[in-house]
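Below is one structure; the comments refer to it alone.
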Number of protein chains: 2
Amino acid sequence: MGKRSEEKQETRQRILSAASRLVRKEGIAGLKVTDVMAAAGLTHGAFYAHFADKNELIEAAFHEAFDHRENWIGSARKRPSEERLSHLLNTYLTSKHRDTPEQGCAFAALAREFAQAGGDFPKTFEREVRVSVDRLIELLEGKTEGNARQTAMGMLSLCVGGMVLARAVDDPKLSNELLKAAAAFGDARP
Amino acid sequence: MGKRSEEKQETRQRILSAASRLVRKEGIAGLKVTDVMAAAGLTHGAFYAHFADKNELIEAAFHEAFDHRENWIGSARKRPSEERLSHLLNTYLTSKHRDTPEQGCAFAALAREFAQAGGDFPKTFEREVRVSVDRLIELLEGKTEGNARQTAMGMLSLCVGGMVLARAVDDPKLSNELLKAAAAFGDARP
DNA sequence: AGGTTTGTATGATGACCATCATACGAAATG
DNA sequence: CATTTCGTATGATGGTCATCATACAAACCT
């Protein structure tokens, strides 16, 4: 279409990117429409020309946050199969990831609030879990004795839990120790 | 002291118990002073005779939530040492625990929001993590080859992550599968 | 008993936000 | 160039709380 609607799409995308970052940092409850719009270079009033309401924005922003999943999985795929699990653990459970939630895993950032929120939130969350599990299974298939699906789910749980705990404690030393320990725990299997 | 202050202490305790349950269910942001007081059989105005503000209540309520930690650890202590880790995993990662967050683990319920909140929240959280890790170490000491501290932290991460994910997905089947898989993953070590 | 203390209830106050109503101005259309 | 369209900005509106001010009544003290 014309220049008009193209620009609108770009604006929508800018709002979405801003929201995706902000919601991972601030959480659902902490996310303010005004802040998102400001981060996108606009004022609050324009918001409702792009999204029906805050919930619609959040669901879209959550999905948006999985843009980088393929990179994460893809970089593990380049590894020899025995190293893949270890590589995933050690790229996820980093202090950098812990300290930049706005660029990080949306499961760790938003699971708690998605669980509580009614509506379509749990379905939306579930969709991404299924995809992530499937990707991990492809990656691990045949490389782990036992059940690849179980390993995928266990490893996801371990990563999310380790990150959530590491973010919540005050002492960086303890926090780093939690990250290391979670990674090592996941790695300590045949 | 007199009947007066005794009753006040009891009232304070009732408020605290109500808050401890409600905050695990609703989260920090979702917790309303009015609701807590109503659950304690009072009206909102009386709140400030017991606590300085909502934050003070929440920190106290969080601590209160660890009343049952000793039970959990204690019941594992009765087991033969090789079964302890498995027993912990299988008592934590249950659908009952998932479905009653108000009676469940405060790490899984509140980590995300404690991480975000400033002030004393992270220190408060950290204190409980340290205690939990120490208790787990005592329980596992010498029973796991390798580092008991690492196992304790890994196992805590796995439990919290599994619970948080299981609570966030919509399909009970997938949710149960996540719980089972996390438990099995943690168990699948020599 | 009579006055005082103090735990609780009722009713503001004010902040913060999502959402809506309206207005403006630039691009699109003829 | 006149007119319409529509993305954005400004300024309500209304709801939800945390917190505070005031009032009451039961327990305390002498």
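Here, each number is a calculation from the coordinates, and none is a lab measurement. Just so you know, these numbers come straight off a predicted model, no measurement behind them. Cβ: placed from backbone, ideal geometry, glycine included. Neighbour counts: every protein chain shown.
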Size of charge dipole - the protein assembly as shown - debye, nearest 20, with Cβ of Lys, Arg +1 and Asp, Glu -1, no other charges
140 debye
Checked against a 26 Å limit on the C-alpha separation, the offending pairs among B:78/B:123; A:123/B:25; A:25/B:180 are B:78/B:123; A:25/B:180
A chain fully extended from residue B:5 to residue B:171 at 0.36 nm per residue, minus the present Cα-Cα distance, gains in nm 54.8 nm
By the Cα gyration tensor axes a ≥ b ≥ c (a/c under 1.5 gives rounded; else a/b larger than b/c gives prolate, otherwise oblate), the shape of the stretch B:66-187 is oblate
Would you mind giving the mean number of other chain beta-carbons within 10 Å of the Cβ of each residue in B:37-44, as a whole number?
0
Out of A:61, A:115, A:40, a Gaussian network model of chain A with alpha-carbon springs under 10 Å gives the largest mean-square fluctuation to A:115
Quick one: angle between helix A:3-30 and the longest Cα principal axis of chain A, in degrees between 0 and 90, rounded to 10, please.
50 degrees
Let me have the 222 nm mean residue ellipticity of chain A computed from DSSP H runs of 4+ only, each contributing -39500 (n - 2.57), with the sum over all residues rounded to the nearest 500.
-23000 deg cm²/dmol
Rounded to the nearest 20 debye, dipole of the stretch B:66-187 from Cβ charges on Lys, Arg, Asp, Glu
140 debye
With angles folded into 0 to 90 degrees, how steeply does helix A:172-187 sit against the dominant principal axis of chain A? Use alpha carbons for both and round to 10.
60 degrees
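Please order A:68, A:63, A:97 by the number of other Cβ within 10 Å, starting at the fewest.
The fewest-first ordering by Cβ neighbours comes to A:68, A:63, A:97.
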Peptide A:128-138 - average C-beta neighbours from other chains (10 Å radius):
2
